[in-house]
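The structure under discussion appears below in the form of structure tokens.
The values are calculated or read from the model by the stated rules, or taken from the named source; none is laboratory data. All values reported here derive from a predicted model rather than from experimental measurement. Here the Cβ positions follow ideal geometry from the backbone for every residue, glycine too, while neighbour counts run over all protein chains shown.
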Amino acid sequence: MPSHSMSWAVSTDTVPDAFERYVYGMADFYEISGVSDHDQRHFYNNTRTTLTDGGAIGQGQSVRQTLSRSPATLRRSDVDGLNLLINRAAVVGDADGRSIRAAPGAVQLRDLSRPAASRLELIDVTTLIAPRTAVPACLFAREAHGTVIPPEAPGARLLTAHLTSLDQLAASLTGEEVDAAIQAALLIAARVTGFDARLAPSDVAALQRSVRRVAKAFIEERLTAGDAAVASDAVARAAGVSRTSLYRAFDEEGGVNRYIQDRRLHHARRALRQRRGAAPTIADIAYAYGFASPSHFSRQFRARFGYSPSEVEPLSTLREVSLSDGPIRHDILVQWLKSLQDLPDVA
């Protein structure tokens with residue numbers, strides 16, 4: 001199913017009854033209260049959302065208010081599932097009798113079948129809403145409702161990066177791609193909250209794929225920027241998981257350190273091909289990509305590629321060859337295949 005994206009920006013400056021429209025539109029989702037007379041007169045709501053069979057991902061801004069799902073709301077509401085949200089302002093409230101206090105940027109979980117009330121000093125929220133059938137059962141455990149992951153926690157940073165990227169890209173993705181990203185977010189939430197004990201093996205495998213995807217992107221970013229000293233601790237922090245979880249995610253690839261080594265060799269080989277004459281030297285490239293010595297680099301390079309660094313041929317520049325714009329353009333295919341070599345495997 002294709003995704004459906006929509007957005008709007010309304011305020012009382014252009015729509016005099018914007019606040020009343022907002023309250024009416026939200027009635028089946030959250031009750032709105034606690035909006036001051038001043039904020040009602042100067043009300044605004046900016047929303048962007050993408051809908052698929054797997055849920056909804058979006059972002060919104062509005063004035064200070066209280067959002068509640070009271071027993072009365074639950075009885076009349078057709079909305080059920082999980083709300084995973086990140087608000088960039090402070091939140092205090094209650095989740096079925098459990099007190100909530102969330103710092104700006106914290107990740108929060110709400111079971112939409114249970115009472116909750118949240119007072120938001122300002123709405124600046126990225127939110128994921130997934131139907132109950134699409135959510136791992138462990139996230140509906142009684143103790144999960146109202147969970148707050150502090151913004152400084154690695155897991156919160158991972159979820160924030162994932163949901164922010166998904167929100168920004170969702171309109172250009174297929175419905176299947178959005179659904180896959182929503183599932184990844186839910187599995188990450190299950191892991192970082194510690195409610196993943198009941199995850200099926202297939203769910204664990206999907207979570208590990210998500211960890212590898214974030215870790216590999218971080219490794220590639222650092223190597224491309226010229227930082228060859230990529231430590232597994234830094235990768236784990238970037239992926240929002242412990243070192244143990246990171247190592248487990250890379251088990252089938254021989255370990256994260258082996259993966260980093262392979263990517264360092266790949267970048268070093270590209271640097272060798274881009275040399276002009278003997279500059280930079282093989283030793284310069286070896287040290288630039290974190291190898292202890294030129295001899296260590298040569299051994300690792302030969303083991304990986306089957307030939308020595310000195311045998312790497314420079315990029316060819318056949319300037320005398322004129323390529324037509326006709327239908328046979330193998331150069332385009334070759335350039336495409338070469339570009340794929342610069343991308344880490346994100347499986």
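Here are the numbers for this structure:
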{"item": "So Asp37, is it surrounded by fewer than 16 Cβ atoms within 10 Å (Cβ to Cβ), touching a strand residue (DSSP E or B) at 6+ places or on another chain (Cβ under 7 Å), among the charged types (D, E, K, R) and assigned by TED's automatic domain parsing to the domain that holds Thr193", "result": "no"}
{"item": "Among residues of region 279-310, those that are closer than 20 Å to Gly226 by Cα and either of a type in the set (A, V, I, L, M) or not assigned by TED's automatic domain parsing to the domain that holds Ile260 (or both), counted", "result": "7"}
{"item": "Any pair with Cβ under 7 angstrom, 6 or more apart, that starts in region 261-275 at a residue that is touching a residue at least 60 places away in the same chain (Cβ under 8 Å) and ends at one that is assigned to a helix (DSSP H, G or I)", "result": "Arg263/Ile219; Arg263/Glu220; Arg263/Leu223"}
{"item": "Filtered residues of region 106-134 (kept if of a type in the set (Lys, Arg), in contact with an Asp or Glu (Cβ under 7 Å, 6 or more places away or on another chain) and either modelled with pLDDT of 90 or more or part of a strand (DSSP E or B) (or both))", "result": "Arg114"}
{"item": "Number of the condition not met by Glu176 [criteria: (1) surrounded by 15 or more Cβ atoms within 10 Å (Cβ to Cβ); (2) modelled with pLDDT under 85]", "result": "(1)"}
{"item": "Of all residues making up region 135-173, the number that are free of Cβ contacts under 8 Å to residues at least 60 places away in the same chain, part of a helix (DSSP H, G or I) and surrounded by 19 or more Cβ atoms within 10 Å (Cβ to Cβ)", "result": "3"}
{"item": "Restricting region 3-23 to residues that are among the hydrophobic types (A, V, I, L, M, F, W, C) and without any contact (Cβ under 8 Å) to a residue 24 or more places away in the chain, the residue that is nearest to Leu51 (Cα to Cα)", "result": "Val23"}
{"item": "Subset of region 244-270 (residues that are charged (D, E, K, R) and exposed (fewer than 15 other Cβ atoms within 10 Å of the Cβ))", "result": "Asp251, Glu252, Glu253, Arg258"}
{"item": "Cβ-Cβ under 7 Å pairs, at least 6 apart or on other chains, region 210-222 side within 14 Å of Ala180 (Cβ to Cβ) and free of Cβ contacts under 8 Å to residues at least 60 places away in the same chain, far side hydrophobic (A, V, I, L, M, F, W, C) and assigned to a helix (DSSP H, G or I)", "result": "Ser210/Ala184; Ser210/Leu187; Ser210/Ile188"}
{"item": "Some residue of region 283-292 being touching a Ser or Thr at 6+ places or on another chain (Cβ under 9 Å), in contact (Cβ under 8 Å) with a residue 12 or more places away in the chain and loosely packed, with under 11 Cβ neighbours inside 10 Å", "result": "no"}
{"item": "Flag if Arg275 is buried (at least 16 other Cβ atoms within 10 Å of the Cβ) and charged (D, E, K, R)", "result": "yes"}
{"item": "Single unsatisfied condition, Val230 versus (1) assigned to a loop (DSSP other than H, G, I, E, B); (2) within 26 Å of Glu177 (Cα to Cα); (3) at pLDDT 80 or above", "result": "(2)"}
{"item": "The lone exception for Ala206 - which of (1) modelled with pLDDT of 85 or more; (2) closer than 23 Å to Asp53 by Cα; (3) not assigned by TED's automatic domain parsing to the domain that holds Gly81 it fails", "result": "(1)"}
{"item": "Of all residues in region 263-322 being acidic (Asp, Glu) and in a loop (DSSP other than H, G, I, E, B), the one that is modelled with the highest pLDDT", "result": "Glu313"}
{"item": "Condition met for Phe195 (outside any helix (DSSP H, G or I) and either within 17 Å of the chain's Cα centre (by Cα) or farther than 30 Å from Tyr307 by Cβ (or both))", "result": "yes"}
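For every residue, the table says whether it meets (1) in a loop (DSSP other than H, G, I, E, B); (2) in contact (Cβ under 8 Å) with a residue 24 or more places away in the chain; (3) within 25 Å of Gln183 (Cα to Cα); (4) of a type in the set (Gly, Ala, Ser).
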position: Gly25; (1), (2), (3), (4): no, no, no, yes
position: Thr50; (1), (2), (3), (4): no, yes, yes, no
position: Gly58; (1), (2), (3), (4): no, yes, yes, yes
position: Leu67; (1), (2), (3), (4): no, yes, no, no
position: Thr73; (1), (2), (3), (4): no, yes, no, no
position: Asp80; (1), (2), (3), (4): yes, yes, yes, no
position: Asn83; (1), (2), (3), (4): no, yes, yes, no
position: Pro104; (1), (2), (3), (4): yes, yes, yes, no
